[in-house]
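First the structure, in the form of structure tokens, and then the observations on it.
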Amino acid sequence: MFERRVWWIGNVFIAILLLLSLRILYWQLGRGNELYFSVLDPGAVTLGEGEAPAWLQPGGLQELPQPLVQRAVGVLNDTTRGRIYDRQGNVLAEDAATAEGGRRRIYALPSLAPVLGYTSGIHLGITGLELRYNGTLLGLNRLDSQLQQLVHAPVTGSDLVLTIDSQVQQAAAAALGGYKGSVVVFDGRTGAVLAMVSAPHIDPNRVTEEGYLASVATDPNAPLINRATQGLFTPGSTFKTVALIAALDTGQVNPDTMFNFGEPLRDANGRIYYVYRVGGGEIPDPNHSEDRLDLTMSYAKSANAAFGQIGAEMSAETLIEYGQRFGFSAPAGQGIPVELPLANSQLAQDLDALGQNPLLRAATAIGQGELLTNTYTMGLPVLAALNEGNLPVPYIVAQIKDPTGIDHNGPLVGETIDDLMTPETASQVVQIMVTSVERGWAQTGEVEGVTVGGKTGTAQLGGDRLPHAWYLGFARQDDRAVVIVVMVENGGEGSVVAAPIFAQLVPTALQAAEPAPSGWQWPKIPGLNP
């Protein structure tokens, strides 16, 4: 009996040891290794999910097994994050030694905080490109770095070379001035992002100061939000560009299509306005005095009655299809690729309502209704129009350089999305936008000696709130072109507030744009400079 009890106790003890061993192996080789790399590279965790893991929040590391955290922190203490450069080789972010013998991240241009993001107290990327490319900047995806980690040798991460031009970035920040809003500057041929400004923004050099992040997190002006990509705002008449593309591309209209607005009305101040009535509602049109305009001048004069009619007579399927081509209400996983968190622009709260409600379609086509978007997304249709209907996918990371000097292209360099509209439609849109500057409300964006196309937007918000002021445009000179989108939050009239910011930026932006290769020519478009 005694021997059986000893045998039974021995087997139980062996089983317990086996279970503990398996658990240790699981944490070390399985789940532990997975968590270890997720601690070191949170960007890989968030890449397809859109949200950072909970442990990235303050105090969140306490939720993880502390041996894993200590192991990760040990690696971080022996790792120098790679530098981030602009397109001219200027250092935008780098590690610097502290008096205590540690490291801190130094950022040269605080206006780039919405793009670069910042690092935590333990030197992990938390937002922006610092998060998205955390593993690259720490060298985790290089075999030599992994071998150095095994022997506890110091590691140097890979560098990022961005498309950002420091001069354009600073010029955009200065042009936006004290306004709340955002500006995005794209290279008109390649889609490279030359500048991205969101104001107000945080100072990334202060994020490790006690209480700083807590104070900006409660700021009602939301400086932690990148308005250029994460903000959602009513676009106003700039969205008429998308409606224009859809209507031209499907043959619903042509540049000479005439619109008769009927009898004019007068407001209390005696000013003429028109009304387009549909679906039991009205689309007011105070933007012009003419009772008839063709499509080209309807765009130039921002005629709500014309584009309200276009939207009401357009099928919901067409409006949705063309909206989704440019990132509006795109199904999950089918949006435009982007390296920063991008809020999903919205055509309507319920897409089915567009089919049932012609008034909602009319309001959407003029840029009101339930539309929401951001400056980044609004630049895409103009980029595609400049490139014969093919969209050069915008990108920010041009190169990844490891310490040995080997260069690798960024993941989005050279990608295109083809056939978003026909070349004929693209040519018509570009010409109509030029006419908008020559003879319409977009004239305040004109720049001497440069071919400019543009569209203003004054996004009504209701109540006592001032409208958002927008300007969406391109500038082309010789072999260079840029697309610039300006949004001033609660700024007022687009032609008065946003257009001058656009015009102020054009010369600096064109100088930074990449010249076209030898022998390459812009598509010939009547009325434009060769």
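Would you say VAL430 is in contact with a helix residue (DSSP H, G or I) (Cβ under 6 Å, 6 or more places away or on another chain) and over 15 Å from GLY494 (Cα atoms)? So VAL430 passes the test.
Within segment 457-467, the set of residues being open to solvent by less than 10 Å² (accessible area, probe 1.4 Å) and modelled with pLDDT of 95 or more comprises just one member, GLY457. Looking only at segment 402-425, filter to residues that are surrounded by fewer than 17 Cβ atoms within 10 Å (Cβ to Cβ) and farther than 30 Å from ILE245 by Cα; which one of those is modelled with the lowest pLDDT? So, considering only residues that are surrounded by fewer than 17 Cβ atoms within 10 Å (Cβ to Cβ) and farther than 30 Å from ILE245 by Cα, the one modelled with the lowest pLDDT is GLY405.
Residue-by-condition table, conditions (1) in a strand (DSSP E or B); (2) modelled with pLDDT of 95 or more; (3) open to solvent by 10 Å² or more (accessible area, probe 1.4 Å):
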{"residue": "VAL447", "(1), (2), (3)": "no, yes, yes"}
{"residue": "ALA469", "(1), (2), (3)": "yes, yes, no"}
{"residue": "ALA481", "(1), (2), (3)": "yes, yes, no"}
{"residue": "PRO517", "(1), (2), (3)": "no, no, yes"}
{"residue": "PRO526", "(1), (2), (3)": "no, no, yes"}
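Quickly run through segment 115-125 and pick out the residues that are in a loop (DSSP other than H, G, I, E, B) and under 21 Å from GLU100 (Cβ atoms).
Within segment 115-125, TYR118, SER120, GLY121, ILE122, HIS123, LEU124 qualify.
The lone criterion from (1) in contact (Cβ under 8 Å) with a residue 40 or more places away in the chain; (2) part of a strand (DSSP E or B) left unmet by GLY231 is number (2). Residues that are closer than 22 Å to LEU372 by Cα, surrounded by fewer than 21 Cβ atoms within 10 Å (Cβ to Cβ) and small (Gly, Ala, Ser) within segment 172-230 comprise just one, ALA222. Listed by first and then second residue, the pairs linking a residue in segment 336-348 that is closer than 11 Å to TYR395 by Cβ to a residue that is aromatic (Phe, Trp, Tyr), with Cβ atoms under 7 Å apart and 6 or more places separating them unless they lie on different chains, are GLU339/TYR395.
Does ARG132 satisfy the criteria of being touching a helix residue (DSSP H, G or I) at 6+ places or on another chain (Cβ under 8 Å), closer than 19 Å to GLY405 by Cα and at pLDDT 90 or above?
So ARG132 does not fit the description; no.
Taken together, the residues in segment 366-380 that are open to solvent by less than 10 Å² (accessible area, probe 1.4 Å) and either outside any helix (DSSP H, G or I) or over 19 Å from ALA469 (Cβ atoms) (or both) amount to 6.
Going by the structure shown, is VAL168 in a helix (DSSP H, G or I) and closer than 15 Å to ALA513 by Cβ? So that I can check it myself, show each step before the final result.
Details: in a helix (DSSP H, G or I): yes; closer than 15 Å to ALA513 by Cβ: yes.
Criteria met by VAL168.
Taking into account only those residues within segment 483-496 that are open to solvent by 10 Å² or more (accessible area, probe 1.4 Å) and under 22 Å from the mean Cα position of the chain (by Cα), which is nearest to ALA192 (Cα to Cα)? Among those residues, the one meeting the criterion is GLU489. Residue under question is TYR376, and the condition is that it be within 19 Å of GLU415 (Cβ to Cβ) and touching a residue at least 60 places away in the same chain (Cβ under 8 Å); does it hold? Against the criterion (within 19 Å of GLU415 (Cβ to Cβ) and touching a residue at least 60 places away in the same chain (Cβ under 8 Å)), TYR376 qualifies. The residues in segment 247-274 that are under 35 Å from the mean Cα position of the chain (by Cα) and surrounded by fewer than 20 Cβ atoms within 10 Å (Cβ to Cβ) can be counted, and the count is 7. Entry remark, segment 151-171: residues being among the polar types (S, T, N, Q), open to solvent by less than 10 Å² (accessible area, probe 1.4 Å) and at pLDDT 95 or above number 2 in total. All of (1) of a type in the set (A, V, I, L, M); (2) more than 23 Å from ALA498 (Cβ to Cβ); (3) in a strand (DSSP E or B) hold for VAL452 with one exception: (2).
The values are calculated or read from the model by the stated rules, or taken from the named source; none is laboratory data. Everything quoted here is computed from the prediction, not taken from an experiment. Because the Cβ atoms are built from the backbone with ideal geometry, glycine has one as well, and the counts that use them run over all protein chains shown. Ligands, DNA and RNA are stripped out before the accessible areas are found, and what is left, the full protein with its side chains, is counted by its heavy atoms. Shrake-Rupley method; radii C 1.70, N 1.55, O 1.52, S 1.80 Å.
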